[in-house]
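Peer 1: Take this structure, written in structure tokens, and hold onto it; I'll ask about it next.
The values are calculated or read from the model by the stated rules, or taken from the named source; none is laboratory data. All figures in this text were calculated on a predicted structure; none of them were measured in a lab. All Cβ positions, even for glycine, are placed from backbone atoms using ideal geometry, and neighbour counts span all protein chains on display.
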Amino acid sequence: MMISAAEILNASILVVDDQDANVQLLEQLLHEAGYTCVTSTTNPQEVCALHRKHCYDLILLDLQMPGMDGFQVMEGLKVNDADDYLPVLVLTAQPGHKLRALQAGAKDFISKPFDLVEVKTRIHNMLEVRLLYKKLENHNKMLEQTVQERTAELRESEARYRSLTELASDWYWEQDESMNFTKVSGPVLEMLGIQVNTLNGKSHSAPAAGWNEAERELLQATIAARQPFIDFVFHRVNPDGSQQQFRVSGEPMFNQSSRFLGYRGIGVQMSATK
């Protein structure tokens, strides 16, 4: 993430000093350096309102002013500054004020009388940091918005998928890494007449009678090998002699580190005959 020279020279700057001579000197220096958006005021009480309106990239703020000094201006800017970054470079002839100004929220200082090379350097460096901060903040906002949009799209996609699986199958299921069923959609208990976790042979209850053991063992082996299965057919003979035939499809789930998370799939009852 870079800031171009043109972006720095087009940054908005406000000069605040009660002395006209200082204002004129700084304005002339900035214009000669190529800065294109420089405004000024000799009234410190106007600063907060001006910053709310224009959101300056840099405020050159004198500390010693009658009526309202620079420290009071910074307190007002803290209340009104929405981005939590105080873009203030203080101007002071008092060495003891420098640390106090930094503690009050100023980002840097320029000593009076002005050293023109120092003034240009500090202004350029602070604007570069300020514009990088704003660009990063905007990037984070865009990233957050993108995440929210993608999350909404994912939830909508999941809702459509579940709706389609419910329409296309008699049940939808998910199992965790211990092969316990965590999600079931559809009349599984009513259709099978058993606990759903007997499908993989992991039930803690007594196994239901009538299942084709060869098919059950083959399904168990497929699951144990963490393999997907499509339209796997297995049968059950009920106590009354009727036969049920089912078709099940499933796939293993893994995270980004290839750690096994469980299975998910769909099933349908194909027929029930005497």
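Peer 1: So for region 56-69 (the condition being under 36 Å from the mean Cα position of the chain (by Cα), assigned to a helix (DSSP H, G or I) and farther than 16 Å from residue 29 by Cβ), does at least one residue qualify?
Peer 2: No, region 56-69 contains no residue that is under 36 Å from the mean Cα position of the chain (by Cα), assigned to a helix (DSSP H, G or I) and farther than 16 Å from residue 29 by Cβ.
Peer 1: Next question, about the same structure. Checking residue 18 against (1) over 18 Å from residue 71 (Cα atoms); (2) touching a residue at least 24 places away in the same chain (Cβ under 8 Å); (3) touching a Ser or Thr at 6+ places or on another chain (Cβ under 7 Å); (4) not β-branched (Val, Ile, Thr), only one condition comes out false. Which one?
Peer 2: Result: residue 18 passes all but (1).
Peer 1: Then there is this: So which residues in region 21-60 are within 21 Å of residue 114 (Cβ to Cβ), loosely packed, with under 14 Cβ neighbours inside 10 Å and not β-branched (Val, Ile, Thr)?
Peer 2: Listed by number, the residues that qualify are 21, 24, 28, 31, 32, 34.
Peer 1: Please go through region 113-150 and pick out each residue that is among the hydrophobic types (A, V, I, L, M, F, W, C) and not in a helix (DSSP H, G or I).
Peer 2: Residue satisfying the conditions is 114 alone.
Peer 1: Please pick out the residue among 254, 229 that is modelled with pLDDT of 85 or more, among the aromatic types (Phe, Trp, Tyr) and in contact with a Ser or Thr (Cβ under 8 Å, 6 or more places away or on another chain).
Peer 2: On inspection, the qualifying residue turns out to be 229.
Peer 1: Can you name every residue in region 221-254 that is surrounded by fewer than 15 Cβ atoms within 10 Å (Cβ to Cβ) and in a helix (DSSP H, G or I)?
Peer 2: Those that are surrounded by fewer than 15 Cβ atoms within 10 Å (Cβ to Cβ) and in a helix (DSSP H, G or I): 221, 224.
Peer 1: Going residue by residue through region 92-99, is there one that turns out to be under 17 Å from residue 14 (Cα atoms) and either assigned by TED's automatic domain parsing to the domain that holds residue 27 or touching a helix residue (DSSP H, G or I) at 6+ places or on another chain (Cβ under 6 Å) (or both)?
Peer 2: For region 92-99, residues under 17 Å from residue 14 (Cα atoms) and either assigned by TED's automatic domain parsing to the domain that holds residue 27 or touching a helix residue (DSSP H, G or I) at 6+ places or on another chain (Cβ under 6 Å) (or both): present.
Peer 1: Would you please name the residue that is modelled with the highest pLDDT, looking only at residues in region 1-20 that are surrounded by fewer than 16 Cβ atoms within 10 Å (Cβ to Cβ) and in a loop (DSSP other than H, G, I, E, B)?
Peer 2: 10
Peer 1: Can we say residue 82 is in a loop (DSSP other than H, G, I, E, B), farther than 23 Å from residue 6 by Cα and modelled with pLDDT under 95?
Peer 2: yes
Peer 1: Please find, within region 85-106, the residue that is farthest from residue 61 (Cα to Cα) out of those that are touching a Lys or Arg at 6+ places or on another chain (Cβ under 8 Å) and in a loop (DSSP other than H, G, I, E, B).
Peer 2: 85
Peer 1: So which of 86, 60, 30, 9 is more than 28 Å from residue 139 (Cα to Cα) and either in the same structural domain as residue 120 (by TED's automatic domain parsing) or acidic (Asp, Glu) (or both)?
Peer 2: The match here is 30.
Peer 1: List, please: which pairs have Cβ atoms under 6 Å, are six or more places apart or on different chains, and start with a residue in region 226-245 that is within 23 Å of residue 179 (Cβ to Cβ) and end with one that is surrounded by 12 or more Cβ atoms within 10 Å (Cβ to Cβ) and polar (S, T, N, Q)?
Peer 2: 229/222; 230/249; 231/249; 234/212; 235/212; 235/245; 236/244
Peer 1: Can you tell me which residue is farthest from residue 68 (Cα to Cα) among those in region 21-45 that are outside any loop (DSSP other than H, G, I, E, B) and out of contact with any strand residue (DSSP E or B) (no Cβ under 9 Å at 6 or more places or on another chain)?
Peer 2: My answer is 32.
Peer 1: Now a separate question. Do you know which of the residues in region 201-220 that are assigned to a helix (DSSP H, G or I), touching a strand residue (DSSP E or B) at 6+ places or on another chain (Cβ under 9 Å) and at pLDDT below 85 is farthest from residue 175 (Cα to Cα)?
Peer 2: 216
Peer 1: Report the residue count in region 78-108 for those that are among the hydrophobic types (A, V, I, L, M, F, W, C), under 22 Å from residue 19 (Cα atoms) and surrounded by 19 or more Cβ atoms within 10 Å (Cβ to Cβ).
Peer 2: Within region 78-108, residues that are among the hydrophobic types (A, V, I, L, M, F, W, C), under 22 Å from residue 19 (Cα atoms) and surrounded by 19 or more Cβ atoms within 10 Å (Cβ to Cβ) number 6.
Peer 1: Could I ask something else about it? Return the total of residues in region 114-128 being farther than 12 Å from residue 91 by Cα and surrounded by 14 or more Cβ atoms within 10 Å (Cβ to Cβ).
Peer 2: Result for region 114-128: 6.
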